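The values are calculated or read from the model by the stated rules, or taken from the named source; none is laboratory data. Keep in mind that this is a model prediction, so the values were computed, not measured. All Cβ positions, even for glycine, are placed from backbone atoms using ideal geometry, and neighbour counts span all protein chains on display.
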Amino acid sequence: MMPDDALRLTRRLAFFSIAVVLLGVALALYVLVAPTSSPIDIGGILALAVLWLTNLISMALNAVYWFIRRSPKEVRVTVAVQAVLAVVGLIPLVWTDTFF
C-alpha cells in the first residue's frame, strides 16, 4: 500500500467510525421514542444493544486505523476505553439471572 493510499484509507476509517457512532445514537433515540404495541417495554434494552453494537463497530474501525497509522497515541486510549465498554456490555449476558 502506497503512503497516499494509506492516508486516504485511514481518513475514510475515521469518517466511518464517527458516522457509525452518530447513526447509532440516532437509532437508539429513535428506538426509545418510537411507539410500540408490545405490552412489554423493551425500548431501553434495544437502545442499549444498538449503542453497544455501534461501539463495537467503531472500536474495530479505530483499531484498524491505529494499526495502519500507529499515531496519534490517543487512539490507543480510545480503543482501550471502547474495549472496556464492549466487555461491560457483555456482563448482562453472562449473569442473566441477576439482570433479567
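List of remarks:
- Residues of the stretch 71-97 that are surrounded by 10 or more Cβ atoms within 10 Å (Cβ to Cβ) and charged (D, E, K, R): Arg76 alone.
- Search result, residues across the stretch 1-18 that are exposed (fewer than 14 other Cβ atoms within 10 Å of the Cβ) and among the aliphatic types (A, V, I, L, M): Met1, Met2, Ala6, Leu7, Ile18
- All helices (runs of 4 or more DSSP H) inside the stretch 22-100 with 3 or more residues being among the aliphatic types (A, V, I, L, M) and at pLDDT 90 or above: 43-69, 74-94
- Pairs are defined by a Cβ separation below 6 Å, a sequence spacing of at least 6 or placement on different chains, a first member in the stretch 1-27 that is free of Cβ contacts under 8 Å to residues at least 40 places away in the same chain, and a second member that is surrounded by 15 or more Cβ atoms within 10 Å (Cβ to Cβ) and hydrophobic (A, V, I, L, M, F, W, C); the pairs so defined are Gly24/Val50; Gly24/Leu51; Leu27/Val50.
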